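The values are calculated or read from the model by the stated rules, or taken from the named source; none is laboratory data. None of the values given here were measured: they were computed from a predicted structure. Here the Cβ is made from the backbone with ideal geometry for all residues, glycine too, and neighbour counts use every protein chain on show.
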Amino acid sequence: MATPSVFKSGNTAVITGGASGIGLSLANKCMAAGMKVLVADWDDELLGQIDASMISTFKMDVGKHDEWEGLKSKVENEFGGKINLLALNAGVSRPTSFLDPSPTNLTDFNNILSTNLFGVINGIHTLLPLIIKSKLSQSAIIITGSKQGITNPPGNPAYNASKAAIKSLAEHLDYDLRSSPNITVHLLIPGWTFTGLSGNRPGTEKEKPAGAWWPDQVVDYLSQKMAENKFYIVCPDNDVTTEIDNKRMLWATGDIVVGRPPLTRWRPEFKDDVQSWMDQDL
């Protein structure tokens, strides 16, 4: 069943991590639809590049709960407390490893979990009451996850764990709001996207890899699936199709169901089994 679009003139949008990448593309889409847009980000330089006459900005660290009260006050003052679209999109990533005993590694664990996980928890805790209280005809909450939170590739346990937790939180939020049909929840799971996390910080003028999508493509796909009332929005890219994604996710779940060791997709002794699975038709 189709869902009424929140991308309408006069509606409001609050977007964290909105000064670049997918967040900025979403902000631009909202602005083009005639919406009032408030972008929150920690980066002064990137916030300074946004046209303040078109999009309102707010500097904050989403991982710090007390800073959310300032954003809430801004929403109340500028939007009358009404939020049609809340996108909890802020995220960071840097390499982490349990085999690295350095203080820097532990700091990176804390920073990733603070931003990626508690940025979502803080946002829901602070702004969901406004959404419920407003009783708007249609509101949507978008939470940006990651395929790494589902397939769990080795190499960055902190980032993977943060995104796996986000998936769980979004699922619970959707369930808890099941009696509020005017509020929809969507877990956005981008594919390979050319954003700041993948080397495309605004101003660097790097060339987009052929396999990656532009952020605008992700936002277009997101809005299409939101109209179809999809909760799980798993984006393909120019290298990975939806069928490949589905096979990878099913294989990862199979480690539990079949009783294999964890992360067998990357273990050499399972290489042939994985390839045989990927070659099959679903």
Quick one: in segment 227-272, of everything that is out of contact with any Lys or Arg (no Cβ under 9 Å at 6 or more places or on another chain) and acidic (Asp, Glu), which residue is farthest from Thr184 (Cα to Cα)?
Glu269
Which of (1) within 18 Å of the chain's Cα centre (by Cα); (2) over 30 Å from Pro157 (Cβ atoms); (3) buried (at least 21 other Cβ atoms within 10 Å of the Cβ) does Leu26 not meet, given it meets every other one?
(2)
Condition test on Ala19, is it part of a loop (DSSP other than H, G, I, E, B), free of Cβ contacts under 8 Å to residues at least 40 places away in the same chain, under 19 Å from the mean Cα position of the chain (by Cα) and in the same structural domain as Lys74 (by TED's automatic domain parsing)?
yes
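Among the residues of segment 191-200, are any outside the structural domain of Lys133 (by TED's automatic domain parsing), under 25 Å from Pro154 (Cα atoms) and among the β-branched types (Val, Ile, Thr)?
No - not one qualifying residue is present in segment 191-200.
Among the residues that make up segment 101-112, is at least one of them in contact with a Leu (Cβ under 6 Å, 6 or more places away or on another chain) and either hydrophobic (A, V, I, L, M, F, W, C) or over 18 Å from Pro262 (Cα atoms) (or both)? So that I can check it myself, show each step before the final result.
Step one: list which residues in segment 101-112 are in contact with a Leu (Cβ under 6 Å, 6 or more places away or on another chain), which gives none.
No, every residue in segment 101-112 fails to be in contact with a Leu (Cβ under 6 Å, 6 or more places away or on another chain) and either hydrophobic (A, V, I, L, M, F, W, C) or over 18 Å from Pro262 (Cα atoms) (or both).
For (1) in contact (Cβ under 8 Å) with a residue 24 or more places away in the chain; (2) surrounded by 17 or more Cβ atoms within 10 Å (Cβ to Cβ); (3) small (Gly, Ala, Ser), each residue gets a yes or a no:
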| residue | (1), (2), (3) |
| --- | --- |
| Thr96 | yes, yes, no |
| Ser114 | yes, yes, yes |
| Ile131 | yes, yes, no |
| Gln138 | yes, no, no |
| Asn156 | yes, yes, no |
Identify, by number, the condition in (1) buried (at least 20 other Cβ atoms within 10 Å of the Cβ); (2) over 22 Å from Asn246 (Cα atoms) that Gly191 doesn't meet.
(2)
Wholly within segment 37-144, helices (runs of 4 or more DSSP H) carrying at least 2 residues that are among the aromatic types (Phe, Trp, Tyr)
65-79
